[in-house]
Amino acid sequence: MADGDQLFARFGKQCPAGTVLFRERESGDTMYVLQSGRVRISKQGKDGEKTLALLGPGEFFGEMAILNNKPRTATAETVEDCKLLILDARTFEQMVVSNSEIAVRLIKKLARRLDAADNLIDILMHRDPKARVILGLSRAAELQGQRRDDGATVISMNRGELAHEVGLSADEVGAVLARLERLSIVERGEEGFVIPDLMRLHEFLEFLEMREKFGDA
């Protein structure tokens, strides 16, 4: 039996789509490693539930509850049928000590979280609402974007969620989105926002920053 099969035999569980693995503010003593399927991480906000990330195979989550012994900071729900490893604090600690690859992956994940927090601070400090919206879309694309076969990126987020993320009103965000739609940089889709070409989004942000630096043309 392969190592992966042995781990699943000991710690594995199959969960159908729609299974809530844990809820925000609950206490927790286990973490999860996703072997197949997708899991949605979300958080309750003033405007309703907000998707923080969509995780795929190889990702792990829920570790903060067993590292700092604090309540869950978000809700985790399967969006597809999933195979998961469920590990308690002792088992996870043993794996980190005995497997350097797991330890490195954990460090990298925590570093990405710090980068994401820094990026959010940068967004909220930006004065230009257009730049805030573009930075918010770019951050969402990186954290939860789903790449389509045609190269476009789909972000499962509505206008209210984006407004809350970037610290603007829904009307302010709507005005910026309308401009981005006219320029064919962003489209509205059934699942949220569609960005046909992320490079064009980044190039438009560079244009705005250059104009702010040197003045309107």
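The values are calculated or read from the model by the stated rules, or taken from the named source; none is laboratory data. Keep in mind it's a predicted model, so treat the numbers as computed, not measured. Note that we place each Cβ from the backbone using ideal geometry, even for glycine, and neighbour counts take in every protein chain shown.
The table for this structure:
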read-out	value
The range 203-212, subset at pLDDT 80 or above and surrounded by fewer than 16 Cβ atoms within 10 Å (Cβ to Cβ), residue farthest from the chain's Cα centre (by Cα)	Phe207
Residue pairs meeting the criteria (Cβ under 9 Å; at least 6 apart or on separate chains; first farther than 21 Å from Ser36 by Cα, in the range 65-77; second in a loop (DSSP other than H, G, I, E, B) and among the hydroxyl-bearing types (Ser, Thr, Tyr))	Ala65/Ser27; Ala65/Thr73; Asn69/Ser27; Lys70/Ser27; Pro71/Ser27; Arg72/Ser27
Filtered residues of the range 50-70 (kept if closer than 30 Å to Arg159 by Cα, more than 12 Å from the chain's Cα centre (by Cα) and either in the same structural domain as Gly160 (by TED's automatic domain parsing) or surrounded by fewer than 14 Cβ atoms within 10 Å (Cβ to Cβ) (or both))	Pro57
Unique match (being of a type in the set (A, V, I, L, M, F, W, C), part of a helix (DSSP H, G or I), surrounded by 16 or more Cβ atoms within 10 Å (Cβ to Cβ) and modelled with pLDDT under 80) among Leu120, Leu135, Leu110	Leu120
Selection status of Arg147, modelled with pLDDT under 90, within 21 Å of Ile41 (Cβ to Cβ) and either among the basic types (Lys, Arg) or assigned by TED's automatic domain parsing to the domain that holds Thr51 (or both)	yes
Unique residue being touching a Pro at 6+ places or on another chain (Cβ under 7 Å) and assigned to a helix (DSSP H, G or I) when the list is Glu172, Glu161, Glu206	Glu172
Every residue from the range 17-34 that is over 12 Å from Phe61 (Cα atoms) and outside any loop (DSSP other than H, G, I, E, B)	Val20
Among the candidates Met95, Met1, residue that is surrounded by 11 or more Cβ atoms within 10 Å (Cβ to Cβ), at pLDDT below 80, outside any strand (DSSP E or B) and more than 20 Å from the chain's Cα centre (by Cα)	Met95
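Rundown of residues vs (1) exposed (fewer than 15 other Cβ atoms within 10 Å of the Cβ); (2) of a type in the set (Asp, Glu); (3) not assigned by TED's automatic domain parsing to the domain that holds Gly160, yes/no style:
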site	(1), (2), (3)
Arg10	yes, no, yes
Gly18	yes, no, yes
Phe22	no, no, yes
Glu77	no, yes, yes
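Per-residue answers, yes or no, for (1) at pLDDT 90 or above; (2) among the hydrophobic types (A, V, I, L, M, F, W, C):
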| position | (1), (2) |
| --- | --- |
| Ser156 | no, no |
| Leu180 | yes, yes |
| Ile185 | yes, yes |
| Ala217 | no, yes |
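This table checks each residue for (1) aliphatic (A, V, I, L, M); (2) touching a Ser or Thr at 6+ places or on another chain (Cβ under 6 Å); (3) modelled with pLDDT of 85 or more.
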| site | (1), (2), (3) |
| --- | --- |
| Asp5 | no, no, no |
| Arg10 | no, no, yes |
| Gly18 | no, no, yes |
| Glu24 | no, yes, yes |
| Leu54 | yes, no, no |
| Gly62 | no, no, yes |
| Leu67 | yes, no, no |
| Arg72 | no, no, yes |
